[in-house]
Amino acid sequence: MTTHFTSCPLCEATCGVVVETEGDRVVSVRGDDADPFSKGYICPKGTALADLHHDPDRLRKPVRRDGDTWHELEWDEAFDLVAGKLKGIRARHGRDAIAVYQGNPTAHNLGLVTIGQVALRTLGTKNLYSATSLDQLPHMLAALQMFGNQLLMPVPDVDRCELFVCLGANPLASNGSIMTAPDMRARLKAIQARGGRVIVLDPRRTETAERADRHIFIRPGTDAVLLLAIVHELYATGHVKLGRLASMIKGERELRAAAAAWTPERAAPITGIAAADIRWLARELAVTERAVLYGRIGVCTQEFGGLAAWLCYTVNALTSHLDTPGGLMFTTPALDPLPLAARLGFDGGFARWTSRVSGKPEFGGELPMSVLAEEIETAGDGQVRALITSAGNPVLSAPGGPRLEQAMRGLELMVSIDPYINETTRLAHVILPPVSPLERSHYDAALNAFAVRNIAKYSPAVFERPAHARHDWEICAALWARLRLPKLGRGIAERVIGRLGPEAVVDMAVRVGPWGLRRGRSGLTLAKLRAAPHGIDLGPLEPRLPDRLGSADRKVDLAPSIYLVDLPRLAVRAQPHGLVIIGRRHLRSNNSWLHNSERLVKGLTRCTIMMHPDDASARRLAEGGNARVITARGAIELPVEITDTMMPGVVSIPHGWGHSRKGAKLHVAATVAGVSINDILDPACTDELSGTSALTGQRVEVEAAEVS
Ligand SMILES: Nc1nc2c(c(=O)[nH]1)N[C@H]1C(S)=C(S)[C@@H](COP(=O)(O)OP(=O)(O)OC[C@H]3O[C@@H](n4cnc5c(=O)[nH]c(N)nc54)[C@H](O)[C@@H]3O)O[C@H]1N2
Ligand SMILES: Nc1nc2c(c(=O)[nH]1)N[C@H]1C(S)=C(S)[C@@H](COP(=O)(O)OP(=O)(O)OC[C@H]3O[C@@H](n4cnc5c(=O)[nH]c(N)nc54)[C@H](O)[C@@H]3O)O[C@H]1N2
Ligand code: SF4
Ligand SMILES: [Mo]
C-alpha cells in the first residue's frame, strides 16, 4: 500500500487528503490531519475522488461521434481532425467564428489555470465565454472598479472576526466561495466560542442560518436596496468610520448622495426586512470592532448583482472593516496571479466592446453566457460556427439550456475537453478527455489567492499519467499550437511546453512572488514546496493597501460611475407578485457533475421544489406530490417539499440536475435524473449593468401536476 498526500480539487475549500493506493486502485481517501489549513477535515465529496478515478463512464481516450455512436481515436488523429476543421472554419469565416466556453473546474485544475486557460484565451477570438458570467462576475467587476484589478477580490477574515454577516451564501453546503476556508462549520463555531456572532440574511433558513445567532429572511434580488439603506443609516447616525483608509478613498460624497433617498423605511417593504432590523444591522456592523459583511453568489447572480456586489465592499469600507484584521481583507498568495495576468495581457476591463447581436458588454475579454445561443443562431459576419467547451456543462448550468442545446446542434464543429459524455458533450463531434483528478499534480494557483490564510501547497500526482492519456494542459497546448503556429514551430513549442509543464510556471511564479527569493534563503521555491507535502502555512492575512491597489491614482473608489448610473434602474423596479425562485446547493452535489457517484447520490431525492406551507396550501400542493413549475420558457415537474424554512413567496430548486437527456452516458446519474431548473429560467433575464445571468429572483408559477 502506498500513501499519498494531496488536496481535493472538487471545491474551493482545498482540503488536504491522504490517498492510499494499491497498484492502480484507490483503497481509501481521508482527511489529512497534518494539513495545516484543513486539519483533517473533508466533506463526503472528498471520499468520492476514488469514484471519479474508477468511474467506468469516464472516457480514457478521445472519441468522435458519428450520428449516435462514438468511435475511439488516437490522440494525434483527434488533434489533427479538430485542428483541421477549426482552421477551415477560421479561414472561411474569421477568428470570431470559433467560440470557447470554460467551466468551473478550470479554477481547480493547475494545468488549466496556467497553460490551458492561456491557450484557450489566446486563440484570437472575441467569442470567449465562461462560468464567470453565471457566478462571480459582479465581485470581479467591483474589484476592478474600486481597487483597480478584477482579481483583487477581498475575502472575509473569518478566523479573527467577532461578527460575520453572511449575505447570499450558504458555506455549510457550499464549503465557502471566494473564501477558501476548509471546515466552515468549525470556523463559524469558533466565532461563537470567542463571544462573536453570526448573522445570516437569506430567503431560506439554510444549513448555515440554522447555526447562526440570527437569521433574517430577505426578498430575492433586493440586496442592493438593503445595502443602500445600511449606507444611508450609517451616515444618518454618524457611524461612518474610514479609519486607516481615509487617505486612500475617493467618491465618498457621491456615495452619500446616492444613498440619501434610501431610508430603512423605504427599503423595508422591498426587502421584506423591518426598518428596525436594517438599523440594527447597520449599527452592529459599525460598532463591532472586528466585523465583516460577506456577500456571495446570492448577491451576484440576480437582477441587481452589480450594485449589490459593489455595495458589499462599500459597507465594509465605511465601517472600517476593509483591509483590517477581522474584516474583509486582501491576500498575499505565494503564487500571485496579478502580475502573471498582467504580463499575459489579461489585466481586465469592462465594456471595451459589446456583443454582436444584443450589444452586451465584454468583461475581462469575455462575453456573458446570456448571449452565446444568439451568437450561434444569428447569421451574419462574426457568427459562431464552432465551439470548444472545456470543463463545463452549459446545457445544464446556463439558463435557457434547451435553446443552447438547439443552437449547438447547428454548429459546424463542437469539441469538448471533458472526461464525460454528459448533457453538453454528447452534442460534440469530438471529445478530448483529460486524465482523472488523481493523475495530475496539484497547486491551488487560483484558490490560494482567495484563502482566509496565506498558504501554499504543491502535490505531485497520485498516479502517474498513463501513456495513453493526456493532461488538460497538454490537450489545450496541442490545439493552440496547431491553430496558431506553423508546422515547424509547432513541434518545438509543444516539446518545450511539454517538458516544462505547469510545474515550471509554479516554480517561476513562486520564486518571484511575495514569499519567494526576495526573502533570501528562506524564500519559497517548488523544491521547498515538494519538501512540505502537507502544505505550508504562511500566516494570517495582512493589510495590503494602498500597495496592492491597481488603480492609477492609488485610491479606493467608493462610487464608480457605472454604479451611479445604474441606480435609477433600482428605483423603478417593480416588486414581482406571486412566487419567485431561488437556487439551492447540497453538500453532496457539485454543480452538475458529481451525480455519477453512487455514494454521493444515494438517499432521498434532492431535486425537489421547496416551498412555504402557505404557498403550498394556496395551490393545493401536498408534501411529496408533484408540482408543475411554469415560466414563459416552459415547464418542469418535480416533487414538492413543504417547509417553513422557506420565505413565503419564494420557492427553491437546485441546479445541475436533469440527467435524462438522450445520448448522455452517465449511468448512475441517469437513475436519479431529476430536472434542470435552467430549462425554464429565462436567459434574457440578466443584471443589465454587468451582463451576469439572473439565476435568482425570476418569477415562476407553481401548480399541482396532473397525475398520469
Ligand atoms: N440555476 C442555476 N444555475 C447555475 C448556478 C446556480 O446557482 N443556479 N450556479 C452557477 C455556477 S456558480 C457555476 S460555477 C456554473 C458551473 O457551470 P459549468 O462549469 O458549466 O458546469 P459544471 O456542472 O461545473 O460542469 C463541469 C464540467 O467539467 C467536467 N470536468 C470536471 N473536472 C474536469 C477537469 O479537471 N478537466 C476537464 N476538462 N473537465 C472537467 C465535468 O465532467 C463537467 O462536464 O453553474 C452555474 N449555473
Ligand atoms: N456542495 C456544493 N458545494 C459547492 C457547489 C455545489 O454545487 N455543491 N458549487 C460551488 C460553486 S461553483 C460556487 S460558485 C459556490 C457558491 O457558494 P455559495 O455562495 O455559498 O452558494 P449557495 O450555497 O448557493 O448559497 C447562496 C445562498 O444565497 C441565497 N439566495 C438566493 N437568492 C438570494 C438573494 O437574492 N439574496 C440573498 N441575500 N440571498 C439569496 C440562497 O438561498 C443560498 O442559500 O459553491 C461551490 N461549492
Ligand atoms: S469541502 Fe469537500 S469537496 Fe471541498 S475540498 Fe474539502 S473534501 Fe473536497
Ligand atoms: Mo460557481
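Observations
- Output for segment 511-541, where each listed residue is closer than 28 Å to Val158 by Cβ and part of a loop (DSSP other than H, G, I, E, B): Gly513, Pro514, Trp515, Gly516, Leu524, Ala532, Pro533, His534, Gly535, Leu541
- Look at segment 234-259: where a residue is surrounded by 19 or more Cβ atoms within 10 Å (Cβ to Cβ) and a partner is in a helix (DSSP H, G or I) and among the aromatic types (Phe, Trp, Tyr), sitting 6+ places away or on another chain with Cβ atoms under 8 Å, you get Ala258/Tyr563; Ala259/Tyr235.
- Within segment 297-337, if we keep just the residues that are within 27 Å of His239 (Cβ to Cβ), of a type in the set (Val, Ile, Thr) and touching a strand residue (DSSP E or B) at 6+ places or on another chain (Cβ under 6 Å), the residue that is nearest to ligand 2 (Cβ to nearest atom) turns out to be Val299.
- Elements of type strands (runs of 3 or more DSSP E) in segment 1-54, at least 2 residues being of a type in the set (Asp, Glu): 16-22
- Among the residues making up segment 442-469, those that are within 25 Å of Asp57 (Cα to Cα) and either surrounded by 24 or more Cβ atoms within 10 Å (Cβ to Cβ) or within 22 Å of the chain's Cα centre (by Cα) (or both) are His442, Val462.
- When residues of segment 694-708 are limited to those that are farther than 25 Å from Gln302 by Cβ and part of a loop (DSSP other than H, G, I, E, B), the one nearest to ligand 4 (Cβ to nearest atom): Ala705
- Meets criteria (assigned to a loop (DSSP other than H, G, I, E, B), among the acidic types (Asp, Glu) and within 27 Å of the chain's Cα centre (by Cα)) for Asp57: yes
- Pair list, Cβ < 9 Å and 6+ apart or interchain, from segment 186-211 residues that are assigned by TED's automatic domain parsing to the domain that holds Gly298 to residues that are assigned to a strand (DSSP E or B) and of a type in the set (Lys, Arg): Ile191/Arg197; Arg197/Arg214; Val198/Arg214; Ile199/Arg214; Val200/Arg214
- When every residue of segment 419-442 is checked against the conditions, at least one turns out to be within 16 Å of ligand 3 (Cβ to nearest atom), within 24 Å of Leu52 (Cα to Cα), of a type in the set (A, V, I, L, M) and not in a loop (DSSP other than H, G, I, E, B).
- Checking each residue of segment 305-315 against the condition of being in contact with a Lys or Arg (Cβ under 9 Å, 6 or more places away or on another chain) and in a loop (DSSP other than H, G, I, E, B) gives no match.
- Going through (1) in contact with a strand residue (DSSP E or B) (Cβ under 9 Å, 6 or more places away or on another chain); (2) farther than 20 Å from Gln117 by Cβ; (3) assigned to a loop (DSSP other than H, G, I, E, B) one by one, Pro466 falls short only on (1).
- Members of segment 160-192 that are within 24 Å of the chain's Cα centre (by Cα), aliphatic (A, V, I, L, M), under 24 Å from Asp277 (Cα atoms) and not in a strand (DSSP E or B): Ala169, Leu188
- Taking (1) assigned to a loop (DSSP other than H, G, I, E, B); (2) crowded, with 19+ Cβ neighbours inside 10 Å in turn, Asp682 satisfies each apart from (2).
- The condition (being at negative phi and under 25 Å from the mean Cα position of the chain (by Cα)) is satisfied by just one residue among Ile536, Ile562, Ile492, Ile497: Ile562.
- In segment 11-26, the residues that are farther than 23 Å from Met179 by Cα reach residues that are within 16 Å of ligand 1 (Cβ to nearest atom) and not hydrophobic (A, V, I, L, M, F, W, C) with C-beta atoms within less than 8 angstrom, at least six apart or across chains, in these pairs: Val19/Thr6; Arg25/His54; Val26/His53; Val26/His54.
- Looking only at residues of segment 295-334 that are among the hydroxyl-bearing types (Ser, Thr, Tyr) and more than 16 Å from ligand 4 (Cβ to nearest atom), we find that the one that is farthest from Leu242 (Cα to Cα) is Thr332.
- In summary, Gly195 fulfils each of the numbered conditions (1) within 30 Å of Leu10 (Cα to Cα); (2) away from ligand 2 (no atom under 12 Å from the Cβ); (3) assigned to a loop (DSSP other than H, G, I, E, B) with the single exception of condition (1).
- Among residues of segment 195-215, those that are acidic (Asp, Glu), surrounded by fewer than 23 Cβ atoms within 10 Å (Cβ to Cβ) and more than 16 Å from ligand 3 (Cβ to nearest atom), counted: 2
- Screening Ser652 on (1) touching a strand residue (DSSP E or B) at 6+ places or on another chain (Cβ under 6 Å); (2) surrounded by 24 or more Cβ atoms within 10 Å (Cβ to Cβ); (3) under 28 Å from Met140 (Cβ atoms) shows it passes everything except condition (2).
- Qualifying residue in segment 551-559 (condition: among the acidic types (Asp, Glu), in contact (Cβ under 8 Å) with a residue 60 or more places away in the chain, touching a Leu at 6+ places or on another chain (Cβ under 7 Å) and in a loop (DSSP other than H, G, I, E, B)): no
The values are calculated or read from the model by the stated rules, or taken from the named source; none is laboratory data. Treat the numbers as computed from the prediction; the structure is a model and nothing was measured. Note: ideal-geometry Cβ built from the backbone for every residue, glycine included; neighbour counts use all protein chains shown.
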